[in-house]
Every structure is written in C-alpha cells, then in structure tokens.
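**Q** Quick one: structure below, then a few questions.
The values are calculated or read from the model by the stated rules, or taken from the named source; none is laboratory data. Given the structure is predicted, the values throughout are model-derived calculations rather than measurements. Don't worry about glycine lacking a Cβ; one is built from the backbone with ideal geometry, like all the others, and counts go over all protein chains shown. What goes into the accessible areas is simple: the full protein's heavy atoms, side chains included, and nothing from ligands, DNA or RNA. Shrake-Rupley method; radii C 1.70, N 1.55, O 1.52, S 1.80 Å.
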Amino acid sequence: MGSVGTFECLEDFNTCLQQYEEDTNTKFIVLKSDRAFGKSDLTVDKQLQWEVKIVPFNGVPFKIIGKKTYVCHQGRDKHAKAKQRRQESKVEGHEYSCLKTRRLMQTTKKMGCPATINVIHIVRFPKYKITEDNPYQKREKSSAVREALRLDPKRVRTEEMFAASFPDIKEHQNHPIDGKESRDIWNIIKKVKAGNRKSSVDHHNLQALVNAWKEEGCAIEYRPSQEEEDGTVVKMLLCLQTPWQRRLMLLYGQHMCFLDETYRAGRNSLPLFFLWVRTNVSYAAVGVFVTQTETKEVIEEALKVFQKWNSDWNPSHFMVGFCEAEIGALEEVFKGSKVLLCDFHREKAWMEWTGKTENDVTCQEKVLKLLQAIADSQTNEDFENSTVTLQQHPDWQSNEKLRRFISKWLCHAERWVKVFRNENLNVAVFTNKGVERQKEVLKHSYLKGHRNCSLSETLIVIMRDFLPKSYQKYIELNIKCSSGSRKYSGNVPCFLRDRPRIMAQHIMKRHQESLLFNARDITSPGENVFRVQSQTSQEEHLVNFGKGDEMPSCTCMDWRRHLLPCQHFCAVFTLVPGWSWENLSAAYSKNPLFTYDEVCLGHSRTLPLTSADLQGEELLKKNQENDNSPEGDGCISSPERSPSSPAAPSESTLITPSVKAGKREKCGTLLKEISDLTCRIQDGTFLDSVTDRLTNLLEDLRRHIPHDDILDLSYTPPSKKMCSSAPAEPLNTIPERCPVSGIVGDVGNPHK
C-alpha cells in the first residue's frame, strides 16, 4: 500500500482521484461497489468499529457505510472466460455468421496489473469519543451509540468521511508506466482542498507571461512594437517553442513541415502562425509565432528564429496554402526546400472563386473537373493535354477573369500538379486536413468562450491547455501501439507489431489480400526487384524494394496513392523467403512515421515542460542510429551459436530487446513457408522425417529461451486455428481509414 488519504465528501475524493491519475499518469476503473456507498444512511446494519487498516484509532467510533474498489484499467480481465466461450461458440458456428464484427490487431489491453485503490465511506460519532483504548470504555460507548440510534437516529450528531488507500507507482506491473515515481498523496490532497491553482502571472502583461514561460524551459523570442529615435517603428514579433516541440520538430520535421495561419483566434487582429508536422499518430504543432503584419519579410524573420533554435532542422518539403508571402519567406530561408500547395486549400479556393456570381463562370462543375484533371496529371504529356483541353473550353475563351485566375495557379503548377511535386516524396501527404482539424479543435473547444480575449489570454489558452493536451494525446497513442501495453492478435505479422495503428491497419488489410497469391505469381527479374501477377487482371506489377537512399516503389495505384506497402509487397513478404520489411531501403523503413516513439514510454504526459523533454535530442539520435524494435508477441528466434557451443545458452547468447527484429522476421518467414509446403506434401515417410527434425529443432529452441524468476518469457505457439493457411477474414469491416488524413471512408481521401 502506498499512501492513505481522508476526505470530507465524495466530491473531494473524486477530485483527488482525478488529480492522482494525472500526476501519476495512470487510469483506474471501478471493480465493485456497495450499494450504500456515498449515501448517508444510518439505518445500515453495520457493526460499530474503532479502527481499520486505513483508519487508525483516534477514540471516535464509526460505522462503515460502504466500500468501493478501483483497479488499474490494465488489470485482470474479469470477462476473460466469457470472451473465450464466445470465441469458441463463434468458431463452432453457433453464432450467426452474417453479423459484422471487428477483428482487432491488439485484442486486449488487460495485462493483469495488480494496482488497486480501496475506498471506504464511514460515519463517525464524535460525541462518543473515548479517552483511552480499553475494552471497558469501548463497550460502554458502543452501547450508548446503538441506543441513541435506536431511539432517534436524526438527533445523533455524525460526521461523514471517506478514507482511501492509493498504490505506489511501483505497484503497477506488466505494462509501461511513464508517470513519475511515488508521489506524496498529501500534497495532492492539499492542492484539492486549496481549490484550483491560481496563476501569479498578470494575464494582461505579455512580458510577464514571456518571463514565466522562459523559466519553464521554453525558447522565446519577444520584441514589442516600439518607435525608434529616428522615427521608424519596430514591429512586434513573438516566437514560442517548448522542449518537446523541438524534439518532435527534429524527429518528424526533416521531410515535410506545414506553415499555417490561424484566423480569428481572438479579438486581436494580429496574425497567429503555427508550424506543424505530421507525426506517426497525429499532427502536432511544433512552433508558434505572432507577427504584426503578414508580409514576406516579417514571416522570414520569424522562420529564421526557429532555424537558429534548431540548427539541424532542414526540411526537404513545406506545405502551405496559396499565400505568396509564406511561399517567398520559406524559399528564402530554406534554400533547398520545395514548397508545395495543399490540395484541400487549392480545391476550396477553386470552388469558392468559381462559385461567385461576379466571376461569371457559367459551367462551374465542368471547369472544376478540367482543373482537377490538370492536378491529377501523372506525366508531362497528360499535363499539356489537360491544359489545352481547359483552354479550349468556352468559359476560358470568353471569360477574362477566369483566364487571369487560372493563369495565376498555372504559374505555380510545380507546387500542385502530381507529375511535378511527387518526386522525392517518401510519405503520401498532399493535404493538411489534419492541421485544419487541429485548428478547428483549438477554435471551437479550447477558445470557446474566449472569442473576445486579448492576445495574452489567447496565448495562455494555447500554452496551458491546447499544446500540453495535444502532446498528452500523442504520447497516449504511441503507448497504445506498444506490445507492452496491449496484446497483439496471433495473426498479426511480426513486422506490423509496435507500429502506428493507422499505418499497421492499412498494411494488415493488404496482407490479408496477399494471402490469395501463390509462389508461382512472383518472379525476380533483377536485384531487389520482383514481378507480381495481378489477381484481378493479366497485368504484372513491378515491385522494387529500393536500396540505400532509393525509395521503394510499385507500379500499382494503391502504392502511388498511399506510399505504403501494397498487397504486392505483402505477397513478397509472405511467399519469398528472406524478404520482409527489413529489406526495404533504409531511407524508407527507418522513417520515424513508421515506428512508435520509444521516448513516450519514459515521459510524463501531464508535465510536458519538465527537464525530461530536454533529453529528446539525445534519444532521437540514438533511435535513428539503432533500429531496435520491441519484441512482439508470438515472434520466436534462435540465437546463433557455433557447433562447439554448449547446449545451455550463455549470457551473451540470450535474446534481448536489443536484438534486431530482422533475424526474428527471417525465422518467421521460413517457418511460414515450411507450414505452407507441408500442406502439399503427400509422402508420409518424408513427413515423418520432417517431424523428427522439427521436434529436435523445437527442443533446441526451448533450451535457448530465457527465463526469469518472476516472469516466464517462454513462447506460447498460436493455436492450429490461427495457423490455418486459409485466408483470414479482414481485421476490420468498417470503412477504410485514410492513412493520410485519418478520416474514415472515402470522404477522408481526396484522391478517391
């Protein structure tokens, strides 16, 4: 038991529990509760007591009205047997097969954690307090209390109290904990009883806010607007970046960054800009700056501040709306970067302009289709033909306004036409819809009720609420990807474990489709290149794994749309021995977008501005140098040893989390091929010899499996039902989620 706290009312306990969960970064759910818990019912037939485990003796008798027990949300699964029976019934066909169900990659979050919070609700009788702890006084006062309650319970003076025992953070087991070490529950209780914490900062003094944020570790550049002696006016500039934002900028912002302005964030008319990156699980703001105007020179000055803070930050691509000031500033500061235009803003601008009656566009739908055909051009010839087709349209020939409008866009065709902008892209990001959703959350959730707030008040909401909670969400989603947090289903391939959820689900669906292929459908015409026969036509698709800095590729439309392994890549993973995710080029496979952030397992989600984030750059370099994937459930491996090595594994040959996943994936690939080939063997004598050799290999593997005195690390093979070579049904029957925008269904994909 960690700490014990007492509370005057249930509301105080609930507030303390919430604060405890935030401070220790844990979550508890109700396991069981008495009906009388929380009710002031003196008629409950309970025995008078003088002390219990969490309420020490103080001379005052009391009754326990009710008890309530909370357990860690990753504790024991009390419905495990019912789930097992339901699964067995489903396999045997007792349930209706027409019912649509979801097949999850991570089947459960229950990890058997023993952490528990016990709460008791007591009613004390202070009038009957005794002075000494002896049996005579206890019997005398107990009789007096019972008699008083029998005659008239309403006239008996009572005091309610709630007592709770909180576990230490070390009592959590079998799942990652990123909270701080043991906290003092009394400090939390004092905070609760003192009410909400009041800030000592003057909210109307921007300079005071700047000083306070600097003390918390933020990088800040602040220059107030003022008039110089020569009469020139220096315009205001404010740049903000927290330590965790710097870490995410360097981790995810080397390939693609977004620059976007948030309009109408408050009553102030000053432009508020955000620098965004697409992380492995969401979009994150990695920089904030406020300028007095929206000119190229002012934006350029702000960008140079962030460049000074992050000397290793040099993105190859930026994405913006059609703002020439932003485009010019980015190209001036980042000489080698390519600035792209967002598809979402482009299509929105086209629709709004052509829809205005004063622009005299008579056939809006046809013009928009012609413009979209230009945007979708895959070759230079397609681009020229689509442009000529548009110029032959009657609206183009008769409408001078339309010609000027479209010509302005055609001057920047290299920023939005696919044939020009898709070069060297290693991630399919063509729109900033994720950024737009984050901005909507900021405006309509965090700034709701603050529409008339000043700049200082707007920044307070952003720095105190919006940014910390978005970082907390980022960490929670990364932790959920970890096999240490949730158990993976047995039919999920090893290379898809410990991957971001949306990306893993996207590839898993293609993996299920690839089970329809067979080895005859795949040939290898050259190094790192395979030809895969299409299942729907006579067409062959060329799959190139890439090498070094060369990007992988496939000639199918699915790869071009998402830049994620398609069913043809998955067919090679499944059917060609020795080829898996690790064989993809390092420039692609080691992209941080395709792995979960291991730093999140050691971070506090509720204190994003602490010194823990300052270690981000060192951990980033370490993660980029080492391709260490956590060991997934169901992945087995055999350590290398020479024939002269003893049968028992030495300390140096034990499998550890630092062993690269490639060796395990190769073993898994070979085992899968063995399993597929044995289904086709008809020679019984040969099968007997194979069985003997596999039995010897299994015994050798068991001798090399490490064991711990507390936790058995041995591998439990999946059931025969899970090893069936028949194609498994898809994991999800819900509409596909777009891996770019994260929106479910075709509406989330601008290319469908």
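**Q** Can you name every residue in the stretch 297-315 that is open to solvent by 40 Å² or more (accessible area, probe 1.4 Å) and in a loop (DSSP other than H, G, I, E, B)? Let's see the steps before the verdict.
**A** So the first thing to find is which residues in the stretch 297-315 are open to solvent by 40 Å² or more (accessible area, probe 1.4 Å), and the list is 297, 301, 304, 307-309, 311-312, 314.
Correct list: Ser311, Asp312, Asn314.
**Q** Considering the stretch 208-267 alone, what residues qualify as being touching a residue at least 24 places away in the same chain (Cβ under 8 Å) and of a type in the set (Lys, Arg)?
**A** Within the stretch 208-267, the first condition is being touching a residue at least 24 places away in the same chain (Cβ under 8 Å), and the residues that meet it are 209-210, 213, 216-219, 221, 225, 235-262, 264-267.
Correct list: Lys235, Arg246, Arg247, Arg264, Arg267.
**Q** Could you check the stretch 202-233 and list, in sequence order, the residues that are charged (D, E, K, R), in contact with a strand residue (DSSP E or B) (Cβ under 8 Å, 6 or more places away or on another chain) and exposed (fewer than 12 other Cβ atoms within 10 Å of the Cβ)? So that I can check it myself, show each step before the final result.
**A** Start the filter on the stretch 202-233 by keeping residues that are charged (D, E, K, R), which leaves 202, 214-216, 221, 223, 227-230.
Filter once more, keeping what is in contact with a strand residue (DSSP E or B) (Cβ under 8 Å, 6 or more places away or on another chain): 214, 221, 223, 227-228.
Answer for the stretch 202-233, where residues must be charged (D, E, K, R), in contact with a strand residue (DSSP E or B) (Cβ under 8 Å, 6 or more places away or on another chain) and exposed (fewer than 12 other Cβ atoms within 10 Å of the Cβ): Glu227, Glu228.
**Q** Let me ask another. How many residues does the stretch 345-379 hold that are open to solvent by 90 Å² or more (accessible area, probe 1.4 Å) and not β-branched (Val, Ile, Thr)?
**A** Here is the first cut: in the stretch 345-379, the ones open to solvent by 90 Å² or more (accessible area, probe 1.4 Å) are 348, 351-352, 356-358, 360, 362, 365-366, 369.
Narrowing further to those that are not β-branched (Val, Ile, Thr): 348, 351-352, 356, 358, 360, 365-366, 369.
So the count comes out to 9.
**Q** Output yes when any residue across the stretch 188-197 is modelled with pLDDT of 85 or more and open to solvent by 80 Å² or more (accessible area, probe 1.4 Å), and no when none is. Full working, then the answer.
**A** Of the residues in the stretch 188-197, the ones modelled with pLDDT of 85 or more are none.
No, the stretch 188-197 has no match at all.
**Q** What's the total number of residues in the stretch 21-36 that are open to solvent by 60 Å² or more (accessible area, probe 1.4 Å), charged (D, E, K, R) and not in a loop (DSSP other than H, G, I, E, B)?
**A** Selection size over the stretch 21-36: 2.
**Q** Let me ask you something else. Among the residues of the stretch 460-475, write down those that are in contact (Cβ under 8 Å) with a residue 60 or more places away in the chain, out of contact with any helix residue (DSSP H, G or I) (no Cβ under 6 Å at 6 or more places or on another chain) and under 19 Å from Arg437 (Cα atoms).
**A** Once the filter is applied, which keeps residues that are in contact (Cβ under 8 Å) with a residue 60 or more places away in the chain, out of contact with any helix residue (DSSP H, G or I) (no Cβ under 6 Å at 6 or more places or on another chain) and under 19 Å from Arg437 (Cα atoms), the stretch 460-475 yields Ile462, Met463, Leu467, Pro468, Ser470, Gln472, Lys473, Tyr474.
**Q** Now for a different question. Quick one: would you say Glu294 is touching a Pro at 6+ places or on another chain (Cβ under 6 Å), touching a residue at least 24 places away in the same chain (Cβ under 8 Å), under 26 Å from Lys348 (Cα atoms) and outside any loop (DSSP other than H, G, I, E, B)? So that I can check it myself, show each step before the final result.
**A** Details: touching a Pro at 6+ places or on another chain (Cβ under 6 Å): yes; touching a residue at least 24 places away in the same chain (Cβ under 8 Å): yes; under 26 Å from Lys348 (Cα atoms): yes; outside any loop (DSSP other than H, G, I, E, B): no.
No: the conditions fail for Glu294.
**Q** Here's a check for you: in the stretch 60-92, which residue that is part of a loop (DSSP other than H, G, I, E, B) and more than 19 Å from Glu147 (Cα to Cα) is modelled with the lowest pLDDT?
**A** Across the stretch 60-92, the extreme among qualifying residues is Glu92.
**Q** Restricting to the stretch 672-697, what's the tally of residues that are surrounded by 11 or more Cβ atoms within 10 Å (Cβ to Cβ) and at pLDDT below 80?
**A** Total meeting the criteria: 6.
**Q** Follow-up. Going by the conditions given, is Lys547 modelled with pLDDT under 90, open to solvent by 20 Å² or more (accessible area, probe 1.4 Å) and under 12 Å from Asn528 (Cα atoms)? Reasoning before the result, please.
**A** Details: modelled with pLDDT under 90: yes; open to solvent by 20 Å² or more (accessible area, probe 1.4 Å): yes; under 12 Å from Asn528 (Cα atoms): yes.
Here the answer is yes, as Lys547 does meet what is asked.
**Q** From the list Leu341, Leu390, exactly one residue is more than 23 Å from Tyr283 (Cα to Cα), aliphatic (A, V, I, L, M) and buried (at least 19 other Cβ atoms within 10 Å of the Cβ). Which is it?
**A** Details: Leu341 fails: more than 23 Å from Tyr283 (Cα to Cα).
Among Leu341, Leu390, only Leu390 is more than 23 Å from Tyr283 (Cα to Cα), aliphatic (A, V, I, L, M) and buried (at least 19 other Cβ atoms within 10 Å of the Cβ).
**Q** Can you confirm whether the stretch 2-9 contains a residue that is more than 30 Å from Val145 (Cα to Cα) and at pLDDT below 85?
**A** Filtering the stretch 2-9 down to residues more than 30 Å from Val145 (Cα to Cα) leaves 2-3.
Now restrict to residues that are at pLDDT below 85: 2-3.
Within the stretch 2-9, one or more residues are more than 30 Å from Val145 (Cα to Cα) and at pLDDT below 85.
**Q** Right, here's the next one. Please list, ordered by first then second residue, the pairs with beta carbon atoms under 7 Å, 6 or more apart or interchain, first in the stretch 397-417 and farther than 23 Å from Ser316 by Cβ, second among the acidic types (Asp, Glu) and open to solvent by 50 Å² or more (accessible area, probe 1.4 Å).
**A** Once the first residue is farther than 23 Å from Ser316 by Cβ and sits in the stretch 397-417, its partners that are among the acidic types (Asp, Glu) and open to solvent by 50 Å² or more (accessible area, probe 1.4 Å) give Asn399/Asp360; Lys401/Asp360.
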